[in-house]
Amino acid sequence: MEIDAITLYVNKTKYEFSIGNRFGQIPGSETLTQTLRERLGLTGTKKSCEEGACGCCTVIMDGDAVASCMLLTVDCDGRQITTIEGLQNPQTGELDPLQQAFIDEYAFQCGYCTPGIIMASKALLDKNPHPSDEEIRDALAGNFCRCISQYHVFNAIAKMIRKEGVS
Ligand code: FES
Ligand code: FES
């Protein structure tokens with residue numbers, strides 16, 4: 001059955017969209033990456049390979065890390081989505097402890113891959129606050145960093161595990 005409207009919950013805000021090919025509507029071919037970046041202005045979700053191979057576009061959907069370039073927005077009706085912009089405290093503007101750990105450990109260089117890596121790490125730590133090295137590697141297997149920041153990423157995640165301060 002074709003749907004003519006959808007509701008997305010992005011960073012705890014409700015958005016309603018109509019589906020179709022008229023101006024302002026979401027066409028059936030639009031990806032979640034496009035909707036987040038181009039309609040909602042959430043450009044922290046990065047666009048790179050657009051074929052599920054790099055992890056730059058990773059967001060959290062209903063608790064799981066997903067490649068938003070591989071999802072059609074029309075298929076996301078009713079889903080809870082968190083982007084990198086949704087991690088900071090909306091009242092104080094304070095960064096999520098995981099974001100701060102990435103800064104403290106210099107876990108990026110150009111930073112293009114970083115939102116995706118943070119969202120994949122966040123999804124892991126929310127479910128499993130004390131992952132093994134292998135579990136971390138598995139969770140980040142789909143996230144590539146051309147600047148080879150992996151070692152520092154591991155340090156940032158290790159810092160979070162030691163702190164047990166995952167929120
Ligand atoms: S842009 Fe989505 S996986 Fe590369
Ligand atoms: S920090 Fe540059 S691609 Fe990862």
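The values are calculated or read from the model by the stated rules, or taken from the named source; none is laboratory data. Because the structure is predicted, anything quoted here is derived from the model rather than measured. Every residue, glycine as well, gets a Cβ built from its backbone with ideal geometry; the counts of neighbours run over all protein chains shown. SASA here: full protein model, heavy atoms, side chains in, ligands and nucleic acids out. Shrake-Rupley method; radii C 1.70, N 1.55, O 1.52, S 1.80 Å.
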Q: With θ set to phi - 60°, apply the Karplus curve 6.51 cos²θ - 1.76 cosθ + 1.60 along region 6-11 and write out the HN-Hα couplings as whole Hz, x wherever there is a Gly or Pro.
A: 9, 10, 10, 10, 10, 6
Q) Could you give the accessible area per residue of region 14-167, probe 1.4 Å, as a whole number in Å²? A) 53
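Carbon and sulfur: what percent of region 35-156's accessible surface (1.4 Å probe)?
So the carbon and sulfur contribution to the accessible surface is 49 percent.
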**Q.** Links that overshoot a 22 Å alpha carbon limit, given the list 127/163; 14/163; 122/159; 47/127; 46/127
**A.** 14/163; 47/127; 46/127
Q. What number comes out for the charge environment of residue 5, summing +1 per Lys or Arg and -1 per Asp or Glu over other residues with Cβ under 9 Å away?
A. -3
Q) Given H placed on each backbone N at 1.01 Å, which residues far from residue 80 in sequence or on other chains put an amide H within less than 5 Å of it? A) 62
Q) Of 119, 72, 28, which is farthest on the positive side of the dipole of the chain, counting Cα position, with +1 on Lys and Arg Cβ, -1 on Asp and Glu Cβ, and the Cα centre as origin? A) 119
Q: Give a residue-ordered list of calculated ³J(HN,Hα) values for region 85-91 (Karplus: 6.51 cos²θ - 1.76 cosθ + 1.60, θ = phi - 60°; whole Hz; x for Gly, Pro).
A: 5, x, 7, 6, 5, x, 7
Q: Determine the calculated [θ] at 222 nm for the chain from helices alone, applying -39500 (n - 2.57) to every DSSP H run no shorter than 4 residues and normalising by the residue count; nearest 500 deg cm²/dmol.
A: -7500 deg cm²/dmol
Q | Separation in nanometres of the label points that stand 7 Å from Cα toward Cβ, at residue 4 and residue 51 | A | 3.7
Q. Magnitude of the Cβ-charge dipole of the chain, K/R +1 and D/E -1, about the Cα centre, nearest 20 debye?
A. 380
(Q) With viscosity set to 1.306 mPa s at 10 °C, what whole-number translational diffusion coefficient in µm²/s follows for the chain from Stokes-Einstein and a Kirkwood radius over Cα pairs? (A) 97
Q. Going 7 Å from the Cα of residue 89 toward and past its Cβ, which residues in region 121-139 have a backbone nitrogen under 17 Å from where you end up?
A. none
